[in-house]
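Visitor: For reference, the structure I am asking about is given below.
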Ligand code: ASP
């Protein structure tokens, strides 16, 4: 039998979701249909569950099927080290559907690749929980009628809450707007925001300061909507005019629902789990403007929802949990009846897939991804995404959705490698088509596979050590000259070179002012923690506070402006600073995004085919600073 899986909410189209809702409306009638009769469901839960598991099991039995289960996966062969791939293969011959919950992001995708029967994701790490989203949307639709145009506040741990991730994609698809109200340090991951922007043109705007003060939180709220192209991430200085303009876009919003979540402590270190967490209680209930705002929660709750809400008509979370049975009955009926291979989502259909020609290749940087923790159950497959003209080449992990930048590419026949550059785009497309494209994490990896470097054109040094030093000194002096409140100053370097320069700027400021300055580091395509403290390092301090800070964002070279745009959207997602000013060692022109650096070490007008590389002494074997300009030589003309 062909299989139909539900691994991500993207596996279902909007029409299919509506079809499942119609089936759920008449779930009693499904009992007498024979579609699921005699079928067997295996529930494999590597993490605790009450609602998801029991409602799936109850649904299966109501539909005339039966259930087999390992009551505790620690009592299964998993405890002896069995891989998810082997478990999937074996249990496939005992059951007709596998319902799987696992602690690694992307694990259910791996199960689906090895199982011969259909697979349903009941939660994979901090990644997705699509059947919960079906319950959530169904509840919302029952309460509010249409989903289109609703304003839904998602609140709490937006970083690790898997229910949130599936939910925001679905809300965006149905045309609802999302307001994020994250606990500090638990903001929506950047890869989720990027997907909302890429697929649904959603952008962020800050909600008016006191708009959500009835919910106790120290965090700023942001409105995600495709309606107004406000491009917040392009403003490097949020002056009062811009603030007012953006705020007026979103003031007086009607809030239709508050979707509250539990702090996912099991996915955090103790220090990350510390700090304030939003709660909803009597203050919320009393506020007139929330009189029609329903409160939802995937449950279990800890103390973020006061029991007072249970008796209020707006607290609908027990209803939401009860819908788990009709929805999961409908889902099982739908998947068995269709019995067809999982639909590939709209993006996946038009996507370009990359599979490494070698047994080693690029790694997903997400340390919680199944590909990192159980590589034997996965394949080295990614979606290749291009950021557009002159943009970076991005790999999206097909298991956990995290995205990262391609640094090194190789050609498998000539066994040559070079740094990725847009000038190579045509070659790369050809190599990909012929199955000759290799991508590496490091030069070491390329050389271990027998690859040698491509030659590049002649290099000329345009800045030496003394020039780099004096440029950084001059930038530091200007920053100090503009700074009226050193306590507010926060220096943020873009990893890796920007971060080194930021540290040098901080030491200049320190010497001049005889005091320390707070320093952070930002990674645009990192392993999860986009914004990290560099100084002070005390883990007790918790996440960096951005509210009302004067941020100096530091990078080595500004070219198209895309890195800066990404960095700014990471900053704005994490809080509302008073201003962000941009300092770069080199401005080489050719901007595609209209951002303008405030402090520039040197302007270097370059030709399009030329590249600029900054070598900093901290990272160089010879311990010297140099800035080089060179031209790209097309590798196909260089098959020596
Ligand atoms: N039950 C939901 C989940 O498994 C929510 C939670 O645990 O907080 O993701």
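The values are calculated or read from the model by the stated rules, or taken from the named source; none is laboratory data. Computed from a predicted model, the values in this text were never measured in an experiment. Because the Cβ atoms are built from the backbone with ideal geometry, glycine has one as well, and the counts that use them run over all protein chains shown.
Visitor: Can you tell which of 81, 64 is on the phi > 0 side of the Ramachandran plot and touching a residue at least 24 places away in the same chain (Cβ under 8 Å)?
Guide: 64
Visitor: If I ask for residues that are within 27 Å of the chain's Cα centre (by Cα), part of a loop (DSSP other than H, G, I, E, B) and surrounded by fewer than 20 Cβ atoms within 10 Å (Cβ to Cβ), which ones from region 80-113 would you list?
Guide: Those that are within 27 Å of the chain's Cα centre (by Cα), part of a loop (DSSP other than H, G, I, E, B) and surrounded by fewer than 20 Cβ atoms within 10 Å (Cβ to Cβ): 83, 103.
Visitor: Within region 293-311, can you find the residues that are away from the ligand (no atom under 16 Å from the Cβ) and either surrounded by fewer than 14 Cβ atoms within 10 Å (Cβ to Cβ) or not in a loop (DSSP other than H, G, I, E, B) (or both)?
Guide: Those that are away from the ligand (no atom under 16 Å from the Cβ) and either surrounded by fewer than 14 Cβ atoms within 10 Å (Cβ to Cβ) or not in a loop (DSSP other than H, G, I, E, B) (or both): 294, 307, 308, 309, 310, 311.
Visitor: Let me ask something additional. Could you identify the single residue in 555, 608 that is surrounded by fewer than 16 Cβ atoms within 10 Å (Cβ to Cβ) and under 28 Å from residue 417 (Cα atoms)?
Guide: 608
Visitor: While we're looking at this one, here's another question. Looking at residue 116 and the list (1) assigned to a loop (DSSP other than H, G, I, E, B); (2) within 16 Å of the ligand (Cβ to nearest atom); (3) over 30 Å from residue 529 (Cβ atoms), which single condition is not satisfied?
Guide: Tallying (1) assigned to a loop (DSSP other than H, G, I, E, B); (2) within 16 Å of the ligand (Cβ to nearest atom); (3) over 30 Å from residue 529 (Cβ atoms), residue 116 fails exactly one: (2).
Visitor: Among the residues of region 270-292, what is the count of those that are closer than 30 Å to residue 538 by Cβ, free of Cβ contacts under 8 Å to residues at least 40 places away in the same chain and surrounded by fewer than 14 Cβ atoms within 10 Å (Cβ to Cβ)?
Guide: Residues in region 270-292 being closer than 30 Å to residue 538 by Cβ, free of Cβ contacts under 8 Å to residues at least 40 places away in the same chain and surrounded by fewer than 14 Cβ atoms within 10 Å (Cβ to Cβ): 1 in total.
Visitor: Another question, if that's okay. Anything in region 147-174 that is surrounded by fewer than 23 Cβ atoms within 10 Å (Cβ to Cβ) and away from the ligand (no atom under 16 Å from the Cβ)? List them, or say none.
Guide: 147, 148, 149, 150, 151, 172, 173, 174
Visitor: I've got another one for you. Any residue at all in region 138-146 that is within 15 Å of the ligand (Cβ to nearest atom) and touching a residue at least 12 places away in the same chain (Cβ under 8 Å)?
Guide: yes
Visitor: Continuing with this model, one more query. Quick one: count up the residues across region 435-452 that are in contact with a strand residue (DSSP E or B) (Cβ under 6 Å, 6 or more places away or on another chain) and either part of a helix (DSSP H, G or I) or without any contact (Cβ under 8 Å) to a residue 24 or more places away in the chain (or both).
Guide: Qualifying residue count, region 435-452: 1.
Visitor: Given the conditions (1) outside any loop (DSSP other than H, G, I, E, B); (2) away from the ligand (no atom under 16 Å from the Cβ); (3) farther than 26 Å from residue 351 by Cβ; (4) touching a residue at least 60 places away in the same chain (Cβ under 8 Å), which single one is not true for residue 36?
Guide: Every listed condition holds for residue 36 apart from (1).
Visitor: In addition: Scan region 616-640 for residues that are under 35 Å from the mean Cα position of the chain (by Cα), surrounded by fewer than 19 Cβ atoms within 10 Å (Cβ to Cβ) and at pLDDT 75 or above and jot them down.
Guide: If the condition is that a residue be under 35 Å from the mean Cα position of the chain (by Cα), surrounded by fewer than 19 Cβ atoms within 10 Å (Cβ to Cβ) and at pLDDT 75 or above, then 617, 618, 619, 620, 621, 628, 630, 631 are the ones that fit.
Visitor: Filter region 1-30 down to the residues that are without any contact (Cβ under 8 Å) to a residue 40 or more places away in the chain and either assigned to a loop (DSSP other than H, G, I, E, B) or touching a strand residue (DSSP E or B) at 6+ places or on another chain (Cβ under 6 Å) (or both) and list them by number.
Guide: Of everything in region 1-30, just one residue is without any contact (Cβ under 8 Å) to a residue 40 or more places away in the chain and either assigned to a loop (DSSP other than H, G, I, E, B) or touching a strand residue (DSSP E or B) at 6+ places or on another chain (Cβ under 6 Å) (or both), namely 26.
Visitor: Among the residues of region 410-432, is there at least one that is within 23 Å of the chain's Cα centre (by Cα) and either farther than 26 Å from residue 190 by Cβ or assigned to a strand (DSSP E or B) (or both)?
Guide: No.
Visitor: Within region 169-190, count every residue that is modelled with pLDDT of 90 or more and in a helix (DSSP H, G or I).
Guide: 5
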